[in-house]
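Participant: After the structure tokens below, expect a handful of questions from me.
Values in this text are rule-based calculations from the coordinates and carry no lab data. As the structure is a prediction and not an experimental result, all values here were calculated from the model.
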Amino acid sequence: MSSKRKYRCSVCGYATDIYEGTGFFGQHITPVVCNSCHTIQNLTVGGAIARVAPSFGSEMDRLCLDCGSADIHLWDGHTCPRCNGEMKADDDEEFWT
């Protein structure tokens, strides 16, 4: 099952959606941190889109969806990109495809 949860920083209040699981077309969504604009961006990886656009086959050589920077890395699942505070998931969970 695929789910989406809001993660929020307990220090500065920064919030973003984080996707878990695999979508209808076999894709997964990987959260990455952009060191240039200090945001978490969700990159679509794999599935049907990767067969048409091979660059979507992995997180390598991808750009920040917000500012276009190549200075991105995988999110560790808990550190806020803005203040280094701790981000935690809200209790609400939504389905995504």
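Participant: Pop out the Kirkwood hydrodynamic radius of the chain from its pairwise C-alpha distances, inverse of mean 1/r, in Å to one decimal. Write down the numbers at each step before the final one.
Facilitator: Working: mean 1/r = 0.0720 Å⁻¹.
For the chain, inverting the mean 1/r across all distinct Cα pairs yields 13.9 Å.
Participant: Also, quick follow-up: For the range 54-97, what size does the Cα cloud have along each of its three principal axes, sorted from largest down, in whole Å?
Facilitator: Sorted largest first, the three principal extents are 35, 31, 17 Å.
Participant: Follow-up question, since we're still on this one. Ordered by residue, what ³J(HN,Hα) values in Hz, to whole numbers, does the range 71-83 give under the Karplus form 6.51 cos²θ - 1.76 cosθ + 1.60, where θ = phi - 60° and Gly and Pro are x?
Facilitator: My calculation for the range 71-83 gives 8, 10, 8, 4, 6, 7, x, 8, 8, 6, x, 8, 10 Hz in order.
Participant: Suppose only helical runs count, i.e. DSSP H with n ≥ 4. What mean residue ellipticity at 222 nm does that imply for the chain under -39500 (n - 2.57) per run, divided by all residues and rounded to the nearest 500 deg cm²/dmol?
Facilitator: On the way: 1 runs with 6 residues, N = 97.
-1500 deg cm²/dmol, from helical runs alone.
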